[in-house]
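Colleague: Dropping a structure here in structure tokens format, bear with me for questions.
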Amino acid sequence: MSETKKPDANQLRPATQMVHGGVMRSQFGETSEALFMTQGYVYDSAESQEARFKGDEPGFIYSRYANPTISMFEERMALLEGAEAARGTASGMAAVTAAMLSCVKAGDHVVAASALFGSCLYIVSELLPRFGVECTLVDGTDLSAWKAAMQPNTRACFLESPTNPVLSVLDIAGVADIAHEAGAKLVVDNVFATALWQSPLALGADVVIYSATKHIDGQGRCLGGVVLSDAQFIEEEFKDIHRHTGPSLSPFNAWVMLKGLETFPLRVKAQTEAARILADRLAEHKAIARVYYPGRADHPQADVVAKQMRGGSTMVAIDVVGGKGNAFALENALKVIQISNNLGDAKSLITHPATTTHQRLNDDQLAAAGIGQGTLRLSVGLEDIEDLWEDFEQAFSSL
Ligand SMILES: *Cc1c(COP(=O)(O)O)cnc(C)c1O
């Protein structure tokens, strides 16, 4: 690898880091990051192979452990997050699972916010208990509930903020203090905020995870994930689980994510600005009973938003007057905005959580999560804001 004319990425601003950070050029001096689509690596000699396995010689061994394209992605993500270390994973859920397994063993206890992405809820409340790890779910917005749930064997706390789908904002610094007092680590799923607007590690969290499938790819192509933490956690708690259970990221997907990161700040800024404008216009419309958007004065945790977020979100949630019937009619009438349960895409996407992402919840659980039959979750894309608004207007007129 030629290392001539390589800037010190730590001295660069975030937008520049997302273009130049982590680059490892091959002997060919390519401009764009190379895609190392290889499972394994060859050695000059048996002695060299032995030294690499012993850890005495730097270099790659097998792509389940590490791969140059994946390493470039990890380095760029670590710069973005201000983390000491990062590891790519095959999906956001692979990141959550490996991160949680790295924190606990049988006999331990986990406290998690009840408002979680459905698969994350499965990991903490169904999968971990099968292996002797108890789980307590709490109302994540209530710090006294976190405090009351701590036990002598609590080893990890897990939350996402803003939450899916109604964008409640949880006090990360507050939960981190409670977790640390009890000797537990705080793991934060930062997908809805993105690294641009919220830095959980700086707020006191120990581990941050992303589904790179969302804003990091940003164009709806590849699944991927990433776990970020200090070097000690990654080396001592995470590395062996990652190496030996195999949630590794594909080099191809890592390459797509690397290219996605080049435009990540531009995209997330534009999508957040469009989401903010749409949220304000939707709030004024008589067909909408309520708008949920961090950054609006009527957000239930506006004080926490002001304290810990640098921007809103690319996501907006709305309650449509008239419940499921009108919510479905609105979705069906939209033409630019597509019906999809995905998010963070260049294309604006809308979904009805009660019948899709949160279908497993009963009526009481839906009510507790603040999800009504008229609730829709909108992921704002990169279209012209006026086309999105006109799409809503023509759809409203059909209700
Ligand atoms: C999508 C998502 C995940 C899971 O990510 P995958 O890449 O789909 O595995 C986890 N948490 C949140 C908040 C998500 O939006």
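Colleague: With respect to E134, is the statement that it is crowded, with 19+ Cβ neighbours inside 10 Å, among the acidic types (D, E) and either over 25 Å from T194 (Cβ atoms) or not assigned by TED's automatic domain parsing to the domain that holds L376 (or both) true? Before the answer, list the steps.
Modeller: Numbers: crowded, with 19+ Cβ neighbours inside 10 Å: no; among the acidic types (D, E): yes; either over 25 Å from T194 (Cβ atoms) or not assigned by TED's automatic domain parsing to the domain that holds L376 (or both): yes.
The answer is no for E134.
Colleague: Need a quick list: helices (runs of 4 or more DSSP H) entirely within the range 13-111 having at least 1 residues that are under 19 Å from D240 (Cα atoms).
Modeller: Output list reads 46-54, 68-81, 92-103.
Colleague: Among residues belonging to the range 352-364 that are out of contact with any Asp or Glu (no Cβ under 8 Å at 6 or more places or on another chain) and touching a residue at least 24 places away in the same chain (Cβ under 8 Å), point out the one that is surrounded by the fewest Cβ atoms within 10 Å (Cβ to Cβ).
Modeller: Among those that are out of contact with any Asp or Glu (no Cβ under 8 Å at 6 or more places or on another chain) and touching a residue at least 24 places away in the same chain (Cβ under 8 Å), it is R360.
Colleague: Can you pull out every residue in the range 220-263 that is surrounded by fewer than 18 Cβ atoms within 10 Å (Cβ to Cβ), in a loop (DSSP other than H, G, I, E, B) and among the small types (G, A, S)?
Modeller: Within the range 220-263, G220, G246 qualify.
Colleague: Keeping to the range 136-151, report how many residues are closer than 14 Å to D177 by Cβ and in contact with a Pro (Cβ under 8 Å, 6 or more places away or on another chain).
Modeller: Qualifying residue count, the range 136-151: 0.
Colleague: What do you reckon, is V166 more than 16 Å from the ligand (Cβ to nearest atom) and not small (G, A, S)?
Modeller: In short, no.
Colleague: Take the range 335-384 and flag every residue that is assigned to a loop (DSSP other than H, G, I, E, B), under 26 Å from G260 (Cβ atoms) and among the aliphatic types (A, V, I, L, M).
Modeller: Passing the criteria: V336, I337, L343, A346, V380, L382.
Colleague: Of the residues in the range 165-191, how many are out of contact with any helix residue (DSSP H, G or I) (no Cβ under 8 Å at 6 or more places or on another chain) and within 19 Å of D303 (Cα to Cα)?
Modeller: Residues that pass the stated criteria total 6.
Colleague: Taking M309 and the conditions (1) within 16 Å of the ligand (Cβ to nearest atom); (2) closer than 25 Å to L223 by Cβ, which numbered condition does it fall short on, given that it satisfies the others?
Modeller: The number of the failed condition is (2).
The values are calculated or read from the model by the stated rules, or taken from the named source; none is laboratory data. The model shown is predicted, which means the values in this text are computed figures rather than measured ones. Quick reminder, even Gly has a Cβ in these numbers, built from the backbone with ideal geometry, and neighbours come from all protein chains shown.
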